[in-house]
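For reference, the structure is listed below as structure tokens.
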Amino acid sequence: MRTLRMNEGFSVTPQGRDAAIAVAALFATATGALAQPPATETASPGDGELPLLSGALIMQEAGASVSDAPHGDRVFYRNPNLPENFPFSAAVVVGDAIYLSGELGVDYETFSLVEGGVGAETRRIFKNYETTLAALGAGLADIVKCTVFLDDMSDYAEMNAAYAAALPDPKPARSTIGVDGLALGAALEIECIAVRNNDAED
């Protein structure tokens, strides 16, 4: 008997899809579990079949949300704006910890770096992170550690000013590393870790 992992894509008939959603609803009610947000992958459906459907998509249609994942479970979140063949997740959630992939100052509407240099790119990075974190039930205030990869250390002061303005107090821990060359010719890349504060609304 083949076991389907919750993040494994598979195709189903409309009747099977309804049944799967019903089962997932029971599972979500009992455990609060969620494998990942909706998969962006699609497959060419055959006769009587729907496009590729992941267990995570079923879980979401059953009424679960990303923040419903029980402690210790892993949630792999893909940025829906990125091509499907990019070999990484935008974030991985383990319990309340959110491990964010490195981010560039890219405008995802144009898929190009924002203009204005290191300060503008820094601001855009945290705008992108804010969007990702919001999808995972968190925000910039939940960031606890950042690593900055700076292409030119002479830009440190400009980066530092934009960084300080973008993040609320108290500031997270941080490392800054000078590097030689970044993807897309970016002035910097920032990688962060966040921890959701589940007591914030209590």
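The values are calculated or read from the model by the stated rules, or taken from the named source; none is laboratory data. In this text, all values refer to a predicted model and were calculated from it rather than measured experimentally. Virtual Cβ from ideal backbone geometry, glycine too; neighbours counted across all protein chains shown.
Data overview
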| item | result |
| --- | --- |
| Criterion (hydroxyl-bearing (Ser, Thr, Tyr), in a strand (DSSP E or B) and over 20 Å from the mean Cα position of the chain (by Cα)) met by exactly one of 154, 175 | 175 |
| Residue satisfying condition, being in contact with a helix residue (DSSP H, G or I) (Cβ under 6 Å, 6 or more places away or on another chain) and closer than 25 Å to residue 75 by Cβ, within set 125, 143, 98, 190 | 190 |
| Count of residues meeting criterion [within 10 Å of residue 188 (Cβ to Cβ) and not in a helix (DSSP H, G or I)] in segment 157-172 | 0 |
| Residue that is nearest to the chain's Cα centre (by Cα) [pool: residues in segment 82-107 that are in a loop (DSSP other than H, G, I, E, B) and exposed (fewer than 14 other Cβ atoms within 10 Å of the Cβ)] | 88 |
| Which numbered condition residue 133 fails, given (1) touching a residue at least 40 places away in the same chain (Cβ under 8 Å); (2) part of a strand (DSSP E or B); (3) buried (at least 16 other Cβ atoms within 10 Å of the Cβ) | (2) |
| Count of segment 186-202 residues which are crowded, with 18+ Cβ neighbours inside 10 Å, at pLDDT 95 or above and more than 13 Å from the chain's Cα centre (by Cα) | 5 |
